[in-house]
1. For region 19-55: of the residues being acidic (Asp, Glu) and part of a helix (DSSP H, G or I), which is nearest to Leu158 (Cα to Cα)?
2. Would you mind telling me which numbered condition in (1) at pLDDT 95 or above; (2) charged (D, E, K, R); (3) open to solvent by less than 30 Å² (accessible area, probe 1.4 Å) Asp131 fails?
3. Sort out which residues of region 329-340 are open to solvent by 20 Å² or more (accessible area, probe 1.4 Å) and either aromatic (Phe, Trp, Tyr) or in a helix (DSSP H, G or I) (or both), and write them in order of number.
4. If you scan region 289-303, which residues turn out to be within 16 Å of Gly344 (Cα to Cα) and in a helix (DSSP H, G or I)?
5. Would you be able to tell me the number of residues in region 249-275 that are among the small types (Gly, Ala, Ser) and open to solvent by 60 Å² or more (accessible area, probe 1.4 Å)?
6. Return the total of residues in region 319-328 being open to solvent by 10 Å² or more (accessible area, probe 1.4 Å) and of a type outside the set (A, V, I, L, M).
7. Take the residues in region 276-287 that are crowded, with 18+ Cβ neighbours inside 10 Å and of a type outside the set (A, V, I, L, M, F, W, C), then tell me which one is farthest from Gly330 (Cα to Cα).
8. When you check Pro173 against the structure, is it out of contact with any Gly (no Cβ under 7 Å at 6 or more places or on another chain) and within 25 Å of Arg302 (Cα to Cα), yes or no?
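The values are calculated or read from the model by the stated rules, or taken from the named source; none is laboratory data. Everything numeric here is computed off the predicted structure, so don't read it as measured data. Every residue, glycine among them, receives a Cβ derived from its backbone with ideal geometry; neighbour counts consider all protein chains shown. The protein model used for the area step is the full one, side chains on, heavy atoms only, and it has no ligands, DNA or RNA in it. Shrake-Rupley method; radii C 1.70, N 1.55, O 1.52, S 1.80 Å.
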Amino acid sequence: MTTWLPAALRRRVAPRTPSPLLDDCLQRAAARGYTLSDGQHQVIAAMARQLELLEAGRARSLYLHGAVGRGKSWLLDSFFQSVPTPAKRRLHFHDFFARLHQGMHHHRLLDDALGATLDELLGDVQVLCFDEFHVHDIGDAMLLTRLFNALFTRGVFLLLTSNYAPEGLLPNPLYHQRFLPVIGLINSRMQVLEVGGDTDFRSLPANRAQQRFTQGHYVWPGDAAQRQILALPTPQPALLEINKRPLRVLAEDERQVMFTFSDLCEQATAVIDYLALAERYEHWIIDGLDDLAECSLAAQQRFVNLVDVLYDQDCQLTLIGTRALADSLGGTVADLMRTRSRLGQLHQLGAAT
């Protein structure tokens, strides 16, 4: 299978013995009908090289960035599956960082709250893979400097994926200067690679068939006939307790939950709440999305975070709006491009014409 790589690339980067990672990526790409770009080939080869060096303790951490849908998560998964040691973790960055904050608060009276939290969350992990790495909050940014230093001091190998090159992280000009130490740390301690290509893999039929999220629907304007077609539940409002706080739901049963957009995103909810709910419910119904651009910046960011969690946890989503999807996702917060890409994979049920 490695003969599919361009000859010059094979000579430059192929290991002396056949690489299981290279072969696995190529086989999986062929099975799903992917045509890998030169940039993707180069990233696979770089990952294979670091995998070789990992056993000798000489591997350099990797930072993969690129536009949405270019296969970053797919490449990360391939690498993670090929790592031979069981001392490895693959985490969505939202998930990890929410638990990090929670642990830091729990251990706040200790001299090294960060170290105690990492011991609790990671144990003796040697390889840590973060998907969807980004930062838009200055408080998170300050903690990241300490986190990265601690992980590198522990000798942990990091593989990160992001929609942003390191220099594009925390783009807010009010805070970007204070984030430069983290950017410098990434560039000095990690090999930074762009995952390029013209194809948005999320749009391919093979991907839709593999995911529960993409079996969901975007429905507008959400009239009675549409709700009947999708067998949506009749609202029976109730309160749930999530992370010791009340949260109103329109309806819920063993594996399905229904919220209003306002209750989920206009209230003070957090990623840790979405994660707890995603463990409990596999089908989410969110009713009442209008124009995101008219919402507060905090609500826009919560919605972006919510879609990230539902996508990563592969929950089915039925999203009910008052207007067409393309007219509902305005706004100015970062990462909306990723949200638009993910929601664009839903089946759309619109107003009768």
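1. This residue is Glu52.
2. (1)
3. Met337, Arg340
4. Leu292, Phe303
5. Matching residues across region 249-275 total 1.
6. Qualifying residue count for the region: 3.
7. Of everything passing the filter in region 276-287, Tyr281 is farthest from Gly330 (Cα to Cα).
8. Values: out of contact with any Gly (no Cβ under 7 Å at 6 or more places or on another chain): yes; within 25 Å of Arg302 (Cα to Cα): yes.
Yes, satisfied.
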